[in-house]
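To keep things clear, I will list the structure first and then write my remarks on it.
The values are calculated or read from the model by the stated rules, or taken from the named source; none is laboratory data. Quick caveat: nothing in here was measured; it's all calculated off a predicted structure. Using ideal geometry, Cβ is built from the backbone for each residue, glycine included, and neighbour counts are taken over all protein chains shown.
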Amino acid sequence: MKLDNSIAAVVTGGASGLGEATARHLASFGVKVGICDLNAERGEKVAAEIGGAYAACDVTDDDSVARALAKLREKNGVERILVNCAGIVAGKRTLSKDRTTGAVLAHDMGTFTKTIAINLIGSYRMIAQCSLGMAGLEPLDADGSRGVIINTSSVAAEDGQMGQAAYSASKGGILGLTLPVARDLTGYGIRVCSIQPGIFYTPMFDQIDEKYRTSLAAQVPFPSRLGNPKEYAMLVESICRNDYLNGAAIRLDGAIRMAPK
C-alpha cells in the first residue's frame, strides 16, 4: 500500500502513547488520519496538529463506534487502514491479601471483564465495523488489496507476569484472532497483522519512579532502554507498505522475555 493523501486511516487510542505516535507518523506521509479516543481535549489537539479528524469513541459500545466512524468517514472517506491502540492495563493477582485485614481475596471479575471488554472485544468491534467499510472500496492493485488492519497485542500475550491475568488474557486473545481474521478477510483483500510491543515509554510511565523505569530498561537485552513509540509507528508503516505481510504477529521488544515478576 502506498501511503499518501489518497489513503484514510483510523487510529484508536490516537490521543496518546503508541496511538498518537502512529497517527502523527502516518500523517507525515499525507495519510488522512482519524483519531478515535475518549479524551476529547487531547484528541482534538493532536488531530488539529496533524491536519486530521477526531471523533469521541467508546470501543465497548457498538453505537459509539458507528457514530465515530461515520464522522471520520464524512471528512476523510472510508478508511483503508485501521490501527487498534485503545487499551488499558490492569494489575491484580488471581489471589491477593488485603493489606489491612490480611484476608485472602480473589481477583474481582469487574476488573477482569472490563479489561477484556476494552482490549479484546473493543479491538474486534473495530475490526468488524472497519472491515465492512473496507470491503466496499475499490481494489488498490491487481492483487485486489483493499485495506490493512493492525492490532496491538503485547509480549504479555506469551510471557505475562504475576498480576497480569486479565491483561495477558486480553492481549493473548488479540494474538489468537490475528490469523483466523486474516483468513476470514482474504476474499475481500484486507490484510490483518498484530504487533506485540515490549516495554515502551508511554504516558503511564510518567507516574512511575525513575529508579523503576531504569530497572525495566536494564532488563531489555538490546538496545537496553524503553521502546520509543515512534518505533512502534515505524513498524505500522512497514506493515502497511508490505503487501505480503498478512496473518502475522510481530514482537517489537528488544529481545526481552519477561520474568515472572
| said: Can you pull out every residue in the stretch 231-248 that is aromatic (F, W, Y) and under 23 Å from P180 (Cα atoms)? | reply: Y244
| task | Among the candidates G91, G87, single out the residue that is closer than 24 Å to Y124 by Cα, buried (at least 16 other Cβ atoms within 10 Å of the Cβ) and not charged (D, E, K, R). | result | G87
| note | For the stretch 104-126, the count of residues that are of a type in the set (A, V, I, L, M) and touching a helix residue (DSSP H, G or I) at 6+ places or on another chain (Cβ under 6 Å) equals 2
| message | I want to confirm something. Restricting to the stretch 203-230 and keeping residues that are surrounded by 15 or more Cβ atoms within 10 Å (Cβ to Cβ) and touching a strand residue (DSSP E or B) at 6+ places or on another chain (Cβ under 9 Å), which single residue is nearest to R183 (Cα to Cα)? | response | P229
| remark: Just one listed residue, out of L105, L72, is touching a strand residue (DSSP E or B) at 6+ places or on another chain (Cβ under 6 Å), surrounded by 21 or more Cβ atoms within 10 Å (Cβ to Cβ) and farther than 22 Å from T178 by Cα, and it is L72
| said: For the structure I just gave you, tell me whether A21 is hydrophobic (A, V, I, L, M, F, W, C) and surrounded by fewer than 23 Cβ atoms within 10 Å (Cβ to Cβ). | reply: no
| note | Pairing a residue in the stretch 121-138 that is at pLDDT 95 or above with any residue that is part of a helix (DSSP H, G or I) and surrounded by fewer than 19 Cβ atoms within 10 Å (Cβ to Cβ), where Cβ atoms lie under 6 Å and the two sit 6 or more apart in sequence or on different chains, gives A135/Y188
| message | Can you find, within the stretch 215-261, the residue that is farthest from the chain's Cα centre (by Cα) among those that are closer than 18 Å to V31 by Cβ and aliphatic (A, V, I, L, M)? | response | L245
